[in-house]
Amino acid sequence: MGDSKKTVVVVDDNATVRALFERSTEDLTLDLISFSSAEAAMEYLGENKPDLLFLDIIMPDKDGLTFLSELRKLPLHRDTAVIMITSKDYAQDRTVANELGALEFITKPMPMRAISDIITNHINNDNPYN
Amino acid sequence: MAKSYLRFWGVRGSYAAPFPTHLKVGGNTSCVEVNVDDHVLICDAGTGIIPLGNRLAAEAKNKELLILLTHYHWDHICGLPFFVPAFIPDWHINFFGPGESIQEMKQKLDSQMQAPYFPVGTETWMAKINYVNPRETKLSHGPIEISYYSVHHPGVTYGYKIKAGSKTIIYVSDNECQFLDKSIKQKMTEFSEEEQIMFEDMNREEYEYELETIRAADILIHDAQYTPEDYETKRGWGHSCYVDVVNYAIDAGVKDLYLYHHDPYNDDNAIDKIYEKCLEILQERDTSLRCHIAREGLEIPLD
């Protein structure tokens with residue numbers, strides 16, 4: 001009997017980003033679930049806590065930082081491991097992400113090896129947010 | 001004066017620039033009035049809202065306003081403590097801007113009117129003040145319809161799409177357009193061939209999304225703070241180079257582009273030169289886009 005597979009969720013409206021994550025995690029033993037909007041992700045996240053959650057910031061329906069703030073109000077997601085992955089590279093956004101407990105703030109474009117390394121590092125370690 | 005119009009009351013970014021060398025373009029910070037049949041919508045509350053407020057207090061028939069805030073950087077809210085209608089009891093002022101709650105929006109506006117930064121707080125506003133729920137996805141003010149989307153600027157910042165009469169107006173005071181494009185180009189040699197293809201696709205998708213936000217707008221008012229020389233050192237500051245903005249507007253089929261949020265360092269002569277450069281781009285691209293410099297007092301009929 002082994003550990004159940006880890007779950008990684010990606011929320012990004014850009015289809016190529018979602019495909020990049022799929023490609024980056026092909027050789028990893030995990031379940032990758034992706035959503036194109038905060039609203040679609042909330043249906044899943046309302047009842048499920050992934051081992052790692054990647055959030056884009058600029059999205060058509062709701063920006064990722066507002067979404068993260070709402071997630072943190074849910075008991076289920078007070079300590080969910082979150083990484084922002086975004087084209088925005090501004091100190092103000094990094095500060096807000098940090099205050100909301102994001103573990104890292106990564107700017108696009110992000111090579112595949114770096115994505116798989118980040119995922120491997122975080123899901124193989126205890127959640128440092130705790 | 002036209003029955004329905006758009007008027008620029010403040011066109012500068014960052015800080016007010018009331019210098020003699022800047023008077024043709026104007027020195028007030030961001031504020032645009034959209035008036036449709038005496039329904040007044042105000043985009044941003046920089047120092048430009050002060051003279052607008054004085055005029056409204058003296059002349060307005062309809063005393064209910066909607067003020068849209070793109071974000072809370074001080075050049076976009078610093079006119080509010082001096083906005084006369086807020087201090088008059090029979091006015092009704094609605095605010096909308098980024099935020100998770102009405103309380104958060106209120107707190108952000110209260111903060112700039114607190115000691116030691118200001119002698120009185122928003123409790124001295126005698127108008128009826130209403131904060132529109134920031135979770136509303138679409139708004140209206142009389143016959144004016146408004147929607148919004150996030151733009152590329154520090155913090156949560158909105159661009160607004162305004163349908164006023166037969167015109168679609170897009171107001172994007174602060175936005176660093178095509179940021180991802182430049183990030184990808186900077187790093188392209190670091191990527192594998194497969195990654196290069198994926199990042200080009202990512203970039204194309206991102207740009208297509210950016211184009212859709214302004215597609216075929218009748219009037220686009222857009223951040224154009226930087227020259228190419230400025231942008232070499234100020235990339236990542238959250239503002240656009242005018243060259244990128246003009247090309248962006250052409251690619252999206254915009255009809256009239258108003259370059260906005262001018263750098264306060266640029267005097268009237270510098271902005272004239274920027275305008276000439278823009279005309280060169282229009283000629284090179286053989287486009288029907290009309291390009292203008294937004295300046296204080298400029299009024300555009302919307303009928």
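Numbers below:
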item	result
Rounded accessible area of B:ARG135 (nearest 10 Å², 1.4 Å probe)	130 Å²
Carbon and sulfur %, accessible surface of chain A computed with the full protein complex present, 1.4 Å	43 percent
Segment A:73-116 residues near the modelled A:ASP61 label - backbone nitrogen below 19 Å, point 7 Å along Cα→Cβ	A:73-74, A:77, A:85
Euclidean distance of C-alpha centroids, segment A:36-105 and segment B:60-78, integer Å	29 Å
Excluding exposed DSSP-loop GluC sites (Glu not before Pro) (at most 14 other C-beta within 10 Å), longest clean stretch of chain A	A:48-130
Area accessible to solvent at A:THR29, 1.4 Å probe radius, in Å²	110 Å²
Diffusion coefficient, µm² s⁻¹, Stokes-Einstein with Kirkwood Rh over alpha-carbon pairs of the protein assembly as shown at 4 °C and 1.567 mPa s	57 µm²/s
Where the protein assembly as shown is the region considered: accessible area per residue in Å², 1.4 Å probe	43 Å²
FRET E, pair A:ASN98, B:GLU212, Förster distance 25 Å, beta-carbon r, rounded to 0.05	0.20
13 Å beta-carbon shell around B:TYR131, net charge (K/R +1, D/E -1)	0
Extended-chain gain in nm, criterion 0.36 nm per residue less alpha-carbon gap, B:ASN133 and B:GLU100	11.0 nm
Computed [θ] at 222 nm, deg cm²/dmol, the protein assembly as shown (DSSP H ≥ 4; -39,500 (n - 2.57); rounded to nearest 500)	-9500 deg cm²/dmol
10 Å Cβ neighbours from other chains, averaged over peptide B:145-152	3
Proximal lysines to B:LYS277, defined as alpha-carbon separation beneath 28 angstrom and excluding residues fewer than eight positions away on the same chain	B:LYS24, B:LYS161, B:LYS167, B:LYS182, B:LYS185, B:LYS234, B:LYS255
R0 of 56 Å, Cβ-Cβ distance B:LYS24-A:GLU26: FRET efficiency to nearest 0.05	0.40
Long-range HN-HN contacts of B:ILE170 with modeled amide H, under 5 Å	B:ILE162, B:ILE219, B:LEU220, B:ILE221
Average beta carbon contacts from partner chains per residue of A:5-12, 10 Å cutoff	0
DSSP-defined beta bridges in the protein assembly as shown - what % are antiparallel, rounded to 5	40 percent
Value of relative contact order over segment A:6-123, rounded to a whole percent, pairs C-alpha under 8 Å and six or more apart	26 percent
Shielding of A:84-92 by partner chains, average beta-carbon count, 10 Å	6
Highest to lowest packing among B:126-134, A:85-93, scored as the average C-beta count within 10 Å	A:85-93, B:126-134
Cα-based convex hull volume of chain B per residue, rounded to whole Å³	145 Å³
Cα→Cβ-extended label distance, 7 Å offset, between A:ASP117 and B:SER166, nm	5.9 nm
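The values are calculated or read from the model by the stated rules, or taken from the named source; none is laboratory data. Predicted model, so just to flag it, every value in this text is computed and none were measured. Because the Cβ atoms are built from the backbone with ideal geometry, glycine has one as well, and the counts that use them run over all protein chains shown. Ligands, DNA and RNA are stripped out before the accessible areas are found, and what is left, the full protein with its side chains, is counted by its heavy atoms. Shrake-Rupley method; radii C 1.70, N 1.55, O 1.52, S 1.80 Å.
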